[in-house]
Structures are given as structure tokens and as C-alpha cells.
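Notes follow the structure.
The values are calculated or read from the model by the stated rules, or taken from the named source; none is laboratory data. Everything numeric here is computed off the predicted structure, so don't read it as measured data. Heads up, the Cβs are rebuilt from the backbone with ideal geometry, glycines too, and the neighbour counts pull from every protein chain shown. To get the accessible areas, we keep the full protein, side chains included, count just its heavy atoms, and leave off ligands, DNA and RNA. Shrake-Rupley method; radii C 1.70, N 1.55, O 1.52, S 1.80 Å.
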There are 2 protein chains.
Amino acid sequence: MADDAEEMGRKPRADAQRNRGRLLAAAKQAFAEKGVGVSLEEIARTAGLGIGTLYRHFPTRDALVEEVYRHETSQLATAAERLAAELPPVEALREWMLLFVDYLATKLIMAEALGAMVSGREELHAASGTMIKAAIATLAERAAESGAIRLSIAPLDLLRAVFGVSNASAGPGWEENAKRLVDILIAGMRVPPQG
Amino acid sequence: MADDAEEMGRKPRADAQRNRGRLLAAAKQAFAEKGVGVSLEEIARTAGLGIGTLYRHFPTRDALVEEVYRHETSQLATAAERLAAELPPVEALREWMLLFVDYLATKLIMAEALGAMVSGREELHAASGTMIKAAIATLAERAAESGAIRLSIAPLDLLRAVFGVSNASAGPGWEENAKRLVDILIAGMRVPPQG
DNA sequence: TTTAAATACGGAGGCACCCTCCGTTTACAA
DNA sequence: TTGTAAACGGAGGGTGCCTCCGTATTTAAA
């Protein structure tokens with residue numbers, strides 16, 4: 001019944017666990033308030049810890065970001081499963097992409113992280129990135145297999161395109177535009193009714 | 001015949017002119033080799049000048065970038081005019097977007113700059129940004145006026161989407177994908193024949 | 001409890017970069 | 001030739017990144 005503690009050989013010292021939590025909390029708030037570019041020193045200070053401690057727990061800035069956003073990301077993955085089960089393939093794909101836009105909009109904090117994972121350097125944010133990629137790939141491929149759309153580009157590129165529109169775009173209407181883009185993309189991929 | 005020296009009240013001192021040129025040359029090469037993030041100190045050193053001189057000529061990193069890329073950008077603007085004159089509206093729009101992809105691909109050096117100008121902080125790269133925006137806006141609006149497509153998103157968002165796919169995307173096939181995305185976008189905006 | 005090994009902590013220190021400020025040098029016009 | 005506006009250069013102060021290692025704490029064995 002020791003399923004909670006996924007495979008970990010040793011036992012982390014109590015103080016280490018506590019401090020890890022403090023760092024994550026401080027980081028989450030700092031990222032939200034100032035973006036993923038905040039000074040790591042500031043995060044450590046906010047957590048009441050030394051910079052060395054931060055670096056021991058999270059050797060790179062991205063390791064920290066990864067940890068902070070893993071939870072949020074998994075919500076997107078969960079939604080993908082639900083949509084796939086409840087809706088016809090193309091609709092599921094469309095809805096999930098719209099949800100993706102919502103995530104970029106609502107949790108502006110996530111935009112940078114999602115962006116980084118969607119656009120390049122895949123090594124970073126490995127875990128979250130894998131979830132997202134799996135979600136969009138599955139949905140897109142199911143939609144393609146249903147015959148309703150033709151998948152002429154890599155599924156992840158759909159998200160890249162959507163992210164491109166959201167990315168720091170100044171205009172207050174970007175969310176609207178991003179959602180319209182989703183529909184343009186779906187329409188552009190649709191197979192014409194009479195072959 | 002004094003058309004070369006666009007309106008400038010005073011006369012810049014000879015050494016100032018020469019050094020400005022050196023800085024631009026050094027910057028162009030450095031940007032090409034190491035991206036727009038290079039140390040400005042290194043650029044100044046390469047140009048055989050002091051860091052203070054660089055900052056006097058180009059108060060911000062972006063002022064320097066702007067200057068370096070203004071020429072390249074104007075080529076895109078010129079191409080837009082030519083295509084608009086030679087091709088039917090939708091084709092002109094499509095071709096120019098493909099050309100945009102080529103620019104991102106060929107002059108990888110430009111990708112960062114074009115990206116920055118296309119995605120947000122419009123104040124930076126003002127001059128180049130204006131050119132690009134004017135080009136896509138004109139082409140897109142002409143295509144929409146022809147009745148062949150429906151322009152449901154901001155023209156610039158088309159470029160944002162394309163840029164999103166190109167943006168640091170690791171895969172070697174990104175250029176292909178970006179071009180296919182252009183066709184998906186065009187197809188997605190096309191007005192159905194018997195609307 | 002005592003004790004010693006294992007582990008974690010903290011922050012000084014070295015490095016890189018940014019940008020400013022101002023004393024020195026230079027170009028050029030009178 | 002000479003006075004001065006303009007340009008130069010780099011030291012200096014600030015911030016951030018990351019490493020390293022002496023000190024402090026926890027844990028478990030005796």
C-alpha cells in the first residue's frame with residue numbers, strides 16, 4: 001500500500017521536504033506576479049531560505065518552473081481525455097484547443113511556461129511538455145482517422161500557431177482572435193464534403 | 001540631389017559617422033553568429049570602440065537591432081508591393097506569407113527580430129514593424145475585398161501564427177510545416193464557392 | 001542518551017552583463 | 001591657430017547567475 005511515495009530509495013530529511021515546499025510556494029507566487037524571469041535570489045529570500053538551498057532543490061530555473069506548473073498542466077491533459085470520450089473527434093479537438101486558449105488567457109502565469117514547452121527546447125519542462133504533446137497528438141490523430149480532417153502538419157504545430165497569436169500580443173482582443181484562429185485552422189483542415 | 005541624407009538638421013562629425021558604421025557592422029555579424037542576445041560589450045570591443053560609444057549611438061539594445069534589420073525588412077515590404085501588383089489578391093497574400101517563412105528560414109538571424117516585432121512590444125523595432133504590419137494588412141485587406149476570403153482575425157495574427165510554428169521549433173521540417181500552415185490558413189479563410 | 005555519519009543549509013565570492021557618468025580627446029569652424 | 005561643441009572610452013555601481021564549502025541539523029545506531 002505504499003503507492004503514494006512513488007519510487008524513491010531514501011527518505012528525504014524532514015527539513016528538506018519542508019523547505020522544498022516553501023520554495024515552490026514562493027516560486028508560484030513570484031512567477032504569477034512577475035513572470036518566469038524573476039530573480040531566483042528573490043524567490044529564495046521570499047521563502048526565507050538561502051540561494052544555495054534553492055539551487056540544491058532545483059538545479060536549474062526550468063526545473064523549478066516545471067515543478068510549479070506540472071499540476072496545472074495535468075488539468076489540461078485530463079480535459080483532453082474527457083473531451084475525447086464525450087465529443088465527436090473534430091469537436092473534441094476544437095474544444096480542447098479553445099481550452100488551451102483559455103489557459104493562456106486565464107492563467108497568464110502559464111503562458112510563458114506553455115509557450116516555452118510548445119515552441120522548441122523540448123528538453124525543458126519535459127514532464128509537462130509530454131502531457132501536452134500527447135494530448136494534442138491523440139486528439140488530432142483521432143480526428144484525422146475519422147476522415148473529417150486532413151492532418152497536413154504536425155499536431156503540435158496547431159498549438160504553436162495558436163500560441164503565436166496569444167504570445168504577448170498587446171491587443172486586448174487577442175483571446176478572441178486566438179479562438180477565431182482555432183476555427184480557421186479547423187476549417188482549413190476539413191476535408192471537403194464531396195471528396 | 002541631397003536625398004540620401006534624410007532630414008537631419010546638423011552634420012554629424014566624421015568620426016561619429018565612421019564609428020556608427022563600425023558598430024553596425026560588428027553588431028550585424030555578432031547577431032548572426034550568436035543571436036540578438038550577444039553581449040553589447042563584445043560588440044563594442046569587436047568594433048574597436050568603447051562601450052560608452054555604443055550606448056551613445058544606440059541607447060538601447062533594440063535601437064541597435066532595429067537599425068541592423070531595417071534594410072532586410074524593407075525587402076519584404078518591397079516584395080509585398082510587387083506581389084500585389086502581379087498576382088490576384090489571395091495568391092499575393094499566400095505568396096507573401098510563404099516568403100515570410102523563407103525569411104525566417106534563410107536569415108535565421110532575422111527570426112528573433114521579426115518575432116519580437118510580430119509578437120507584442122510594438123514600440124520596439126518601430127520602423128521595421130510598421131513596414132511588416134502595413135504589408136500584411138494591405139495584402140490581407142485586398143484579398144478580403146476581392147470577396148475570396150473572409151478576414152475573421154487581425155491580419156497580423158496570420159503572421160503571428162506562422163511565426164509560432166517557426167519559432168525555435170526544433171524539428172528539421174519546420175519550414176515545410178510552416179508553409180503547410182499557410183495553406184491551411186488560406187483554406188480556412190476561403191469563402192465557400194456557393195456561400 | 002550520546003554520538004557520529006549523513007544530509008541539508010546559507011551566503012560569500014567569482015563571473016558576466018547592463019548601463020551611467022564624466023574626465024579626456026578630437027574635429028572643425030572661425 | 002585656437003576655442004569649443006561633440007565624441008570617445010572605460011571605470012564603477014548595480015543586478016543576477018551559479019558554485020563551493022564551512023557550519024548546522026537530523027537521524028539512527030550504540
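Phi angles of the stretch B:141-157 translate, via the Karplus equation with coefficients 6.51, -1.76, 1.60 and θ = phi - 60°, into HN-Hα couplings of 5, 4, 5, 5, 5, 5, x, 7, 10, 10, 9, 8, 10, 4, x, 4, 5 Hz per residue; Gly and Pro are given as x.
Using a 7 Å projection from Cα along Cα-to-Cβ, the label point at B:Ala77 is separated from the same position in the remaining copies by 4.8 nm, smallest value first. For the stretch B:14-59, a Kirkwood hydrodynamic radius built from all Cα pairs, placed in the Stokes-Einstein relation at 37 °C and 0.692 mPa s, yields a translational diffusion coefficient of 320 µm²/s. Across the identical copies, the label point of A:Arg45 (7 Å from Cα in the Cβ direction) is separated from its matches by 3.0 nm, in order from shortest. Label-to-label distances for B:Ser152 across copies, nearest first, come out at 1.8 nm, using points 7 Å from Cα in the beta-carbon direction.
Rounded to the nearest 100 Å², what is the buried accessible area between B and A, both sides summed, probe 1.4 Å? Separately minus together, B and A give about 2000 Å² buried. For the stretch A:94-105, 3J(HN,Hα) computed residue by residue from phi via the Karplus equation (6.51, -1.76, 1.60; θ = phi - 60°) reads 4, 4, 5, 5, 5, 5, 4, 4, 4, 4, 4, 7 Hz, glycine and proline entered as x. Shielding of peptide B:175-183 by partners, expressed as the average count of other chain Cβ atoms within 10 Å per residue Cβ, is 4. By the rule of a C-alpha distance below 28 Å, with chain neighbours fewer than 8 residues away ignored, the lysines paired with A:Lys179 are A:Lys28, A:Lys34, A:Lys107, A:Lys133, B:Lys133, B:Lys179. Taking every protein chain into account, the accessible area of the stretch A:14-59 amounts to 56 square angstrom per residue (probe 1.4 Å). Given R0 = 30 Å, the distance between the Cβ atoms of B:His71 and B:Ala105 translates into a calculated FRET efficiency of 0.95.
Applying the Karplus relation 6.51 cos²θ - 1.76 cosθ + 1.60 with θ = phi - 60° to the stretch A:77-86 yields 3J(HN,Hα) values of 5, 4, 4, 4, 4, 4, 4, 4, 7, 9 Hz, where x marks Gly and Pro.
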